Each structure stands twice: as C-alpha cells, then as structure tokens.
Amino acid sequence: MSATRPTYRIGQGYDTHRLGPDRKLILGGVEIPHPTGLIGHSDADVLLHAITDALLGATGMGDIGEWFPDTDPEFKDSDSKVLLAKAYAEVQKRGWSIVNLDCTIFAERPKLKAYKPLIKQVLSELLHIDPELINVKAKTGEKVDAVGREEAIQASATVLLQR
Ligand code: MG
C-alpha cells in the first residue's frame with residue numbers, strides 16, 4: 001500500500017438518556033428550553049456522547065465509559081463538550097482527522113428543527129471542522145417506545161476518519 005494513500009476508519013456511537021424534571025436539556029452542546037431534561041452523571045448530552053463513542057470506535061479506543069467512568073466523581077455533572085474534546089484530542093494525537101460526521105437525535109419533543117443549525121455550529125467549533133462536513137438529523141419516536149412516550153432521548157452518530 002502506498003504511504004501517501006490515506007487510510008480510512010469508520011465508527012458508530014449510540015446513546016440513550018432518560019428525561020426527568022429539574023434538569024437542563026442539552027443536546028449537541030446547546031441548551032434547549034424544555035420542561036424536562038436528560039438525567040445522567042454528566043450533563044447527559046446524549047448527542048455528544050454518541051459522537052464521542054463514534055470517534056473512539058473508529059480508532060479502536062474503546063468506549064466513553066472506559067475513558068470517563070460514571071462512577072468517577074471527577075466526571076459528575078461534567079460538561080460533555082469537555083469529554084468530547086478530550087477524546088477527540090486523543091484521536092487527533094494518533095493522526096486521525098474527520099472526513100465527515102452524520103448524526104441523528106431521536107426525540108418526540110421538543111421539535112429540534114430550529115436548533116439544528118446551532119447544534120451544527122457548536123459541533124463545527126468543537127471539532128474544528130467545516131460545518132459542511134457535519135449533518136444533524138432529528139426524528140421523533142412515532143409516539144411508541146421510550147422516545148415516543150417522552151421518557152428518553154436517544155442519539156446515534158457515524159464518523160469517517162482518515163489518516
Ligand atoms: Mg451517555
């Protein structure tokens with residue numbers, strides 16, 4: 001194989017957090033006004049957790065729970081932007097850069113259409129990549145299962161890296 005030919009790796013991430021009262025709803029680093037928020041040891045940003053896992057997965061570096069255990073008081077209420085930045089720095093240290101990132105948020109409510117451009121902008125700043133390389137999709141749960149009953153929000157992410 002030619003030394004100049006890029007090597008590619010793909011990774012996927014998926015995460016679920018429960019919705020509950022007296023919590024902020026933070027998705028993709030953006031605080032979204034809503035009567036309920038996601039419950040978790042950190043700020044429970046389900047989208048950033050899925051993206052972090054996708055990056056770790058693509059590079060064979062395990063998962064978010066291994067890097068930032070939810071039993072560790074250091075990560076209590078932590079900003080998931082910081083966790084993603086730490087994981088991404090490790091990915092970059094190993095010579096990898098993002099080709100593109102595609103993600104989906106599964107939420108019955110609130111409607112996320114108005115927030116997608118802002119989420120994309122935050123992701124672009126966090127990952128230091130052009131917003132054109134990022135796609136954010138939002139879907140409902142069709143009123144069934146945990147998402148549809150507004151008990152949880154889920155997110156998935158797929159990332160392609162090159163070295
Ligand atoms: Mg999580």
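The values are calculated or read from the model by the stated rules, or taken from the named source; none is laboratory data. Remember, predicted model here, so these are calculated numbers, not experimental data. Cβ coordinates were reconstructed from backbone atoms using ideal geometry, including for glycine residues, and neighbour counts include every protein chain displayed. Accessible surface is based on the protein model in full, side chains and every heavy atom, while ligands, DNA and RNA are left aside. Shrake-Rupley method; radii C 1.70, N 1.55, O 1.52, S 1.80 Å.
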Pairwise centroid distance, computed over Cα atoms, of the range 1-31 with the range 84-163, Å
5 Å
Quick one: Karplus J couplings for the range 14-19, per residue in order, coefficients 6.51, -1.76, 1.60, θ = phi - 60°, nearest Hz, x for Gly and Pro?
8, 8, 10, 9, 6, 8
Rounded to the nearest whole Å², what accessible area per residue is found for the chain with the 1.4 Å probe?
52 Å²
Could you tally the net charge around Thr52, taking each other residue with its Cβ under 12 Å from the Cβ of Thr52, Lys/Arg +1 and Asp/Glu -1?
-4
Close Lys-Lys pairs in the range 1-153, where close means Cα under 22 Å and separation is 8 or more or interchain
27
Neighbour net charge for Val82 - beta-carbon separation under 12 angstrom, K R +1, D E -1
-3
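Of the heavy-atom accessible surface of the range 71-137 (probe 1.4 angstrom), what whole percent is carbon and sulfur? Can you show the working numbers first?
Details: 1990 of 3650 Å².
Of the solvent-accessible surface of the range 71-137, carbon and sulfur hold 54 percent.
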Ala89 paired with Ile10, simple spin-label distance in nm, labels 7 Å along Cα-to-beta-carbon:
3.1 nm
Long-range tail of P(r) for the chain (Cα pairs > 24 Å, %)
32 percent
Projected label distance in nm at Ser97 and Asp63, using a 7 Å step from Cα toward the beta-carbon:
3.1 nm
